[in-house]
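Step one of this worksheet: look at the structure below.
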Amino acid sequence: MHNLPSVSELLNSPIGREIAARSGEKHAADLIRAVIGEARSEIGNNVEISKTSVRADVSARLSAAWLSEQSGGTHRVINATGVVIHTNLGRAPLSEKARRAINDEASGYCTLEYDIETGNRGRRAARAEELIVELTGAESAIIVNNCAAAAFFVLSVFASGGEVIISRGELVEIGGDFRVPDVLEQSGATLVEVGTTNRTRGADYRAAVTDRTRMILRVHPSNYRIVGFTASPGLTELAEIARVSNVLFYEDIGSGALIDLSTFGLADEPVVSRSIAAGADVVTFSGDKLLGGPQAGIIAGRREIIDRLRAHPLYRALRVDKLAIAALEATLDSYRRDAASSEVPVLQMLSMSKEVIEARARDLVERLDAAKPKGSGLVAQLEDGVSAIGGGAAPAAELATKLIAIKHQTLSAARLEQLLRMSDPGVITRIADGRVMIDLRTVSLNDEPALLTLIAGVG
Ligand SMILES: *Cc1c(COP(=O)(O)O)cnc(C)c1O
């Protein structure tokens, strides 16, 4: 194939040298071969292109392939979307204490399953589990990989081969790949639907109990609401039906809050301790939703239930790692000291008032006007808007915010959004009415200087 540069020629070009220096000769040569192959098939034999333009083309392809490879992987970003629990951006940002616990306590050797007083083997996550017990009033607790694993675990161990009664209003899908009917089926349990989408009564549950019934399942619909002509029995009533029928009452509350969040505008979010107090035998919830910690699935409930889970072989497959345990311990410790609303970022962000956000936004716009280059096409102004909680929690709740709406005289909003997203660190924004919207609710104060420089840098 004439005109195409050779692998060694490209390897010795400036971009080739840079790639080799940063990723190794072998990987650089592989990447170059792939790019040459791609160019060869596209350019074809019959196209007349001068030698220099082929070279420039292949070189440009190589740079692009390298850039795209670099942007893969896990990188820190600035979340300017205003979605507090943003699943695609890693859900809850960790508190300073949780970050320090991962780094200082858990990343090397640590007391993961070691009792420092006796020098004997200790129980994994014992401290975090004690804190959950203290904070929820449950008899015992166990921690697994995430809430989906927790639900699967509870259903597999206690309902496999039997029937699980659930209201038709709770057969929900949460985040694409967690569908309540599918999880039930996978666990080996048979689903028994009762009631209707909008109304289910205690009598519906009672009538569905048979000698094959293992449990009554209540699922918090999380990411959607049925409003209007609705009914469902209260937790205490369900717990009582389960008790007299001699079956378990399991509640999957998904996000779940450890403290009452009604002062944050989240009146509908179930609080774990209330479910336990109302008589739920077992409750599952996520570590990285409203709790504001690392990814984890927390199972809290009656001692004999938790003991059976701990002794089950599935626990070995679903258990949580030392980094998450350390972060969870630190996060739960903030709750125990009654300091969660000032230390846990999710709660700080949820409680941030529109006035505070507006003051920050006004200040940032002023500094942007001073920092942007002469003749810059950037125009920024303030506008009312709403932030979202995200993570499938409280879909009806609206948090009033002040947005910074950014336009550019020559760049489209889509281009502006892309430039910010591809900067380092990436700034994730959303577009509305042809403008790029920045919501400072989800931007930490520490990130504001970087955000300012990156926006001004767009020019
Ligand atoms: C989010 C959610 C889950 C899944 O939790 P993960 O921690 O994402 O696995 C399960 N059940 C409910 C009700 C939820 O809201």
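The values are calculated or read from the model by the stated rules, or taken from the named source; none is laboratory data. If you're wondering where the values come from, they're calculated on a predicted model, not measured in any experiment. Here the Cβ positions follow ideal geometry from the backbone for every residue, glycine too, while neighbour counts run over all protein chains shown. Only protein heavy atoms, including side chains, enter the accessible area calculation; ligands, DNA and RNA are left aside. Shrake-Rupley method; radii C 1.70, N 1.55, O 1.52, S 1.80 Å.
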| task | Might you let me know whether the stretch 439-447 holds any residue that is in contact with a strand residue (DSSP E or B) (Cβ under 9 Å, 6 or more places away or on another chain), surrounded by fewer than 17 Cβ atoms within 10 Å (Cβ to Cβ) and not hydroxyl-bearing (Ser, Thr, Tyr)? | result | no
| task | Considering each of Val356, Val344 in turn, give the residue that is among the hydrophobic types (A, V, I, L, M, F, W, C), open to solvent by 20 Å² or more (accessible area, probe 1.4 Å) and out of contact with any strand residue (DSSP E or B) (no Cβ under 6 Å at 6 or more places or on another chain). | result | Val356
| task | With the condition kept exactly as written, say whether any residue in the stretch 12-31 is at positive phi, under 26 Å from the mean Cα position of the chain (by Cα) and open to solvent by less than 80 Å² (accessible area, probe 1.4 Å). | result | no
| query | Filtering the stretch 210-224 down to residues that are within 16 Å of the ligand (Cβ to nearest atom) and assigned to a loop (DSSP other than H, G, I, E, B), which residue is modelled with the highest pLDDT? | reply | His220
| query | Does the stretch 123-135 include one or more residues that are within 13 Å of the ligand (Cβ to nearest atom) and in contact with a helix residue (DSSP H, G or I) (Cβ under 9 Å, 6 or more places away or on another chain)? | reply | no
| field | Any chance Glu129 is open to solvent by less than 60 Å² (accessible area, probe 1.4 Å), of a type in the set (D, E, K, R) and modelled with pLDDT of 95 or more | value | yes
| note | Here, helices (runs of 4 or more DSSP H) confined to the stretch 147-209 with at least 3 residues that are open to solvent by less than 30 Å² (accessible area, probe 1.4 Å) and under 18 Å from Ala242 (Cβ atoms) are 147-159, 202-208
| request: Could you please find all residues in the stretch 373-406 being open to solvent by 50 Å² or more (accessible area, probe 1.4 Å), more than 24 Å from His86 (Cβ to Cβ) and touching a residue at least 24 places away in the same chain (Cβ under 8 Å)? | output: Pro373, Val379, Gln381
| query | Can you pull out the residues in the stretch 161-189 that are out of contact with any Ser or Thr (no Cβ under 8 Å at 6 or more places or on another chain) and more than 20 Å from Ala148 (Cβ to Cβ)? | reply | Gly161
| task | Could you run through the stretch 361-383 and say how many residues are part of a strand (DSSP E or B) and more than 19 Å from Thr401 (Cβ to Cβ)? | result | 2
